[in-house]
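The values are calculated or read from the model by the stated rules, or taken from the named source; none is laboratory data. Being a predicted model, the structure only gives us computed values, none of them experimental. Because the Cβ atoms are built from the backbone with ideal geometry, glycine has one as well, and the counts that use them run over all protein chains shown. These area figures cover heavy atoms from the full protein model, side chains too; ligands, DNA and RNA do not enter into them. Shrake-Rupley method; radii C 1.70, N 1.55, O 1.52, S 1.80 Å.
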Amino acid sequence: MSDDHVTLRPIGEPDLPLLERFLTEPEAAGSFQWHGWSDPGVWRRRWAENGLLGEDGGQLLVVTGAERHGFVAWRKMVASRTSYYWNIGAQLLPDSRGRGIGTQAQRALVHYLFTYTQVVRLEADTEAENIGEQRALEKCGFTREGVLRSVVFRAGRWRDGVRYSMLRDDIALDDALNSSAP
């Protein structure tokens, strides 16, 4: 576990080149997140539109002090015409992985979303082979719901995914906010 205090903050224009690395550098994206070349301009267009903080989702930068590690994100998943929930994820640079930073960042995102949005459910998905992410989600308090067979095409083949969820009632929000506010 990292001793660094992880915080989340809005993404500024100077941070956009860091995000673009995840779309243009396979090493930065990592083996579980590289799905081929993508349009690096997508981040700049979205940032110009809403600062990467919209009604249907958003991204926040993961930092410890002045060091930037990557980002966390959430997107709206519509369950019915009267309800929705958030699907969350994290993307860290290679040097930031395996240090507990992702766990802390996702925990901070959970508290942020349950504090500032009215959703009752958060979901997170990862590949079945991504044991590190599964451990991070479980450390955050997510519950494994099941396996999604052949849900992701990456590196020439279909791969199984694992879905996790957390409900608002699963955590003591007041205690959690006092210990790890973003």
Every residue in the range 123-158 that is free of Cβ contacts under 8 Å to residues at least 40 places away in the same chain, open to solvent by less than 60 Å² (accessible area, probe 1.4 Å) and farther than 22 Å from residue 94 by Cα, please. 141, 142, 146, 148
Restricting the range 37-96 to residues that are among the aromatic types (Phe, Trp, Tyr) and either surrounded by 11 or more Cβ atoms within 10 Å (Cβ to Cβ) or under 13 Å from the mean Cα position of the chain (by Cα) (or both), which is farthest from residue 9 (Cα to Cα)? 84
Could you check the range 17-36 and list, in sequence order, the residues that are surrounded by 13 or more Cβ atoms within 10 Å (Cβ to Cβ), assigned to a helix (DSSP H, G or I) and not hydroxyl-bearing (Ser, Thr, Tyr)? 18, 19, 20, 21, 22, 23, 26, 28, 29
Restricted to the range 105-116, and to residues that are of a type outside the set (A, V, I, L, M, F, W, C) and open to solvent by less than 30 Å² (accessible area, probe 1.4 Å), which residue is farthest from residue 32 (Cα to Cα)? 111
Considering only residues that are assigned to a helix (DSSP H, G or I) and either of a type in the set (Asp, Glu) or within 25 Å of residue 157 (Cβ to Cβ) (or both), which ones fall in the range 37-53? 49
So residue 51 ticks every box in (1) in contact with a strand residue (DSSP E or B) (Cβ under 7 Å, 6 or more places away or on another chain); (2) closer than 21 Å to residue 102 by Cα but one. Which box is left unticked? (2)
All positions within the range 1-36 that are among the charged types (D, E, K, R) and within 15 Å of the chain's Cα centre (by Cα): 9
